[in-house]
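K.L.:
Just dropping this structure here.
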Amino acid sequence: MLWNLLAAGQDICWRDDDHSPEIRIQPHNEEHETPAVHVEDPSSSCVSVFLPMNLEEGWIDEQRRLLGRGREEWPSEVLQSSPGVYEWRR
């Protein structure tokens, strides 16, 4: 899982496919000495944003906890019981 890579000090990248915006997270950026997020969209808008973050100790564990809560609350299956009517099952 991506959180494990971050906890081990490795950078992660989401959507590195040359066609979509890319999100890179660095658990430690050398220049700013903080975690950092870099969002780049070279193929469409050419926008690039770099965000050094000031995060508390244990932020990765907190994100793991929040992800677990989201998975518990989010329905695991969506059924269409009739046209335009949806039912969520946990």
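The values are calculated or read from the model by the stated rules, or taken from the named source; none is laboratory data. These numbers were taken from a predicted model, which means no experiment stands behind them. Counting neighbours? That spans all protein chains shown, and the Cβs are built from the backbone with ideal geometry, glycine included. Surface areas here come from the heavy atoms of the whole protein model, side chains and all, with no ligands, DNA or RNA. Shrake-Rupley method; radii C 1.70, N 1.55, O 1.52, S 1.80 Å.
K.L.:
Can you report the number of residues in segment 39-62 which are surrounded by 10 or more Cβ atoms within 10 Å (Cβ to Cβ), at pLDDT 90 or above and not aliphatic (A, V, I, L, M)?
P.N.:
Qualifying residue count, segment 39-62: 6.
K.L.:
If the Cβ limit is 7 Å and pairs must be 6+ apart or interchain, which residue in segment 6-27 that is open to solvent by 60 Å² or more (accessible area, probe 1.4 Å) pairs with which residue that is outside any loop (DSSP other than H, G, I, E, B) and among the basic types (Lys, Arg)?
P.N.:
ASP11/ARG24
K.L.:
Further, regarding this structure: Could you please find all residues in segment 29-38 being surrounded by 13 or more Cβ atoms within 10 Å (Cβ to Cβ) and not hydrophobic (A, V, I, L, M, F, W, C)? Spell out the reasoning first.
P.N.:
Kept after step one, since they are surrounded by 13 or more Cβ atoms within 10 Å (Cβ to Cβ), are these residues of segment 29-38: 29, 32, 34-38.
The answer is ASN29, HIS32, THR34, PRO35, HIS38.
K.L.:
Could you please let me know if LEU79 is aliphatic (A, V, I, L, M), open to solvent by less than 70 Å² (accessible area, probe 1.4 Å) and not in a strand (DSSP E or B)?
P.N.:
For LEU79, the condition - aliphatic (A, V, I, L, M), open to solvent by less than 70 Å² (accessible area, probe 1.4 Å) and not in a strand (DSSP E or B) - is not met.
K.L.:
Here's something else I'd like to know. Taking the condition at pLDDT below 90, of a type in the set (Phe, Trp, Tyr) and open to solvent by 80 Å² or more (accessible area, probe 1.4 Å), does TRP74 pass?
P.N.:
Criteria met by TRP74.
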